[in-house]
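A quick write-up on the structure given underneath.
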Amino acid sequence: MNNKFDYILELFYAIYSIDFPVEISYGLDGLSKIQISKGDTSFFDGDSAQPETVVWKVWNEEKIPFLFDGNDEKEIIGVVNGQVIINYDIIASSFFFLSGWQEYKTQQKDRLGRFPYSESIQYKLNLVELPLVNYYFDILKQALEQVYDKELKVKLWGDGEYGTFISHDIDLCESAWKQGSLSELARGRVSSPFYLLSKKLFSNDDWFNFDLIMELEKRHLAKSTFYFLCENKKVNNYPNADYDISDKKFLPVFDNILKNESELGIHGSLGTSNDAAKLKLEMRKIPGDIEGGRFHALVYDIHKTPDIIEEAGLKYDSTLGFAEHIGFRNSFCFPFFPYDIKNDQPYKFLEIPLMVMDATLKMKKYMGLTPDEAGKAISSLMREVRKFNGCFSILWHNNFYSNYKFSGWREIMEQVLQEGSTEGSRYFTGKEISDIYRSQMR
Ligand SMILES: [Zn+2]
């Protein structure tokens, strides 16, 4: 467990500024100022995907589970002879979630090869909207503050209270005239198709709306990352882009995005999550050095995709969220290095976990919420992230800014920006987060 302990501490130190030497032991050594009790970690020698039992305790007014321990009678933190003892194994519990252990050990996949939310322990314990690992880290943080009599602060967001990472996967930007018209006709609005068609013919499709998105963001001093799909053929009958990335009309779009200090990234098409050569070919179709991306349809196979990301030379990824439900796939509201379970060491690329995807909220087969309900759900998730001064990560597709087929959804994104401004968020591109994070590691 030594590598795993170092890994968890490294992620802890990357978040909090600690400029003094600390003594933390994993296991009760009777000497160190802070000692973290070891649970039954033989779990990680086996092939079970999830632990069979958990114990529940209250921390920070929230009921949270501890793994690898059967005794719920202990205090979470105790003091013995001036030494602070953390009585539950926050290291193994954190490692379980951050490493994606349950995905690594399960055989369950959906039709796109994704780990299904319904198979996750977060679903079974009903806590996908809690960043549990941050609760575990908070226990260690308070122990450190108590022993060393110093306040620990998050050091990643400059003068901001928390960070926000807005991203846009560009799947469809030429189809409002068709899909928007059908949706309008279904609502009995017979004149809209003429408007949408003439807009497409004489200027741009209503979903070709990059300027509109950037205008809205500028009003809140925000910026974002645009992930472009570089494949427009279907794969296994699943659609990729509705546009050709090599079309000259994208050149001014790319220019504008960069001029606004936003970022261009790769939206790896279906199949690239296990094909580094294809991913690299696609990356070359977007100008500049591409440092990060997200796979289309959130396809990510823990056995293959991390190696593909490294082989393609990407510095960060932002695929890890559940398509079916908003919340925390790794139960963590900060960037982190994914873990290579096979070689028992962290990967070099950074994961900026995805917490909210618009389609997750809207689609009937996922959460099926109205825009109003969705706004409330996002707001409560943002509160959870703010509790820990974390990094709120949200994906809003460009067509969700359109009044055609997606009316009411742009306003929800505007609410998110408004709430961010009110609550002291700062906005970062994925590349900036990756740079800041690495520069703060000790
Ligand atoms: Zn996509």
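Quick note: the coordinates plus some simple rules give every number you see, no bench work behind them. Small disclaimer: the values here were computed from a predicted structure and weren't measured. Reconstructed Cβ throughout: ideal geometry from the backbone, glycine too, with neighbour counts over all protein chains shown.
Just a few scattered comments:
- Residue of V416, V190, V54 that the Gaussian network model of the chain assigns the largest fluctuation, springs spanning Cα pairs under 10 Å: V190
- Binning all Cα-Cα separations of the stretch 138-178 at 10 Å, short to long from zero, yields these whole-percent fractions: 20, 24, 21, 14, 11, 9, 1.
- Spin-label model distance (nm) - S118 vs K387, 7 Å beyond Cα toward Cβ: 2.8 nm
- Value of D in µm² per second that Stokes-Einstein yields for the chain, Kirkwood Rh from Cα pairs, at 25 °C (0.890 mPa s): 107 µm²/s
- Potential extension, E73-S380 segment - 0.36 nm per residue separation minus Cα distance: 107.4 nm
- Once backbone amide H atoms are built at 1.01 Å from N, L350 has Y316, D317 as its partners under 5 Å, excluding neighbours fewer than 5 places away on the same chain.
- By average C-beta atoms within 10 angstrom, highest first, the peptides 386-395, 272-281: 386-395, 272-281
- Helix axis angle, 371-387 relative to the chain longest principal axis, alpha carbon, degrees: 30 degrees
- Here the spin labels are modelled as points 7 Å beyond Cα on the Cα-Cβ line, and at N343 and S203 they lie 5.1 nm apart.
- With respect to the chain, whose longest principal axis is taken over its alpha-carbon atoms, helix 2-15 is tilted by about 60°.
- Measuring between alpha carbons in the structure, the pairs from K234/K376; K63/K365; K109/K223; K155/K285; K278/K348 lying more than 26 angstrom apart are K234/K376; K63/K365; K109/K223; K155/K285.
- Report note on the peptides 67-74, 309-316, 127-134: ranked by the mean count of other C-beta atoms within 10 Å, highest first, their order is 127-134, 309-316, 67-74.
- Table column - 3J(HN,Hα) (Hz), the stretch 72-83, Karplus curve with 6.51, -1.76, 1.60, x for Gly and Pro: 9, 8, 7, 5, 5, 10, x, 10, 10, 6, x, 9
- Applying 1/(1 + (r/R0)^6) with r as the Cβ-Cβ distance of R111 and D19 and R0 = 51 angstrom yields a FRET efficiency of 0.55.
- Over the stretch 264-374: Rg over Rh, Cα atoms, Kirkwood Rh: 1.00
- Cα centroid separation - the stretch 91-153 against the stretch 342-391, whole Å: 14 Å
- Those lysines that a straight Cα-Cα span of less than 18 Å connects to K200, excepting residues fewer than 8 apart in one chain: K178, K248, K249, K405
- The string of couplings for the stretch 93-99 from the Karplus curve (6.51, -1.76, 1.60, θ = phi - 60°) is 5, 4, 4, 3, 6, 5, 6 Hz, one whole number per residue in order, with x for Gly and Pro.
- Hz values of 3J(HN,Hα) by residue in the stretch 112-125 - Karplus curve (6.51, -1.76, 1.60), Gly and Pro given as x: 9, x, 8, 6, x, 3, 5, 8, 7, 5, 4, 5, 5, 9
- Cα-based Kirkwood hydrodynamic radius, the stretch 2-148, one decimal, Å: 16.3 Å
- Loop-located trypsin sites (Lys or Arg not before Pro) in the stretch 214-261, at most 13 other Cβ atoms within 10 Å (DSSP): K233, K234, K248, K249
- Angle of helix 192-202 to the longest C-alpha principal axis of the chain, folded into 0 to 90 degrees and rounded to 10: 80°.
- Fully extended contour minus Cα-Cα distance, from N60 to N403, at 0.36 nm per residue: 119.4 nm
- Amide H to amide H distances under 5 Å link Q345 with D340, where only residues 5 or more positions off or on other chains count and H is placed in the peptide plane.
- Once backbone amide H atoms are built at 1.01 Å from N, D171 has N398 as its partners under 5 Å, excluding neighbours fewer than 5 places away on the same chain.
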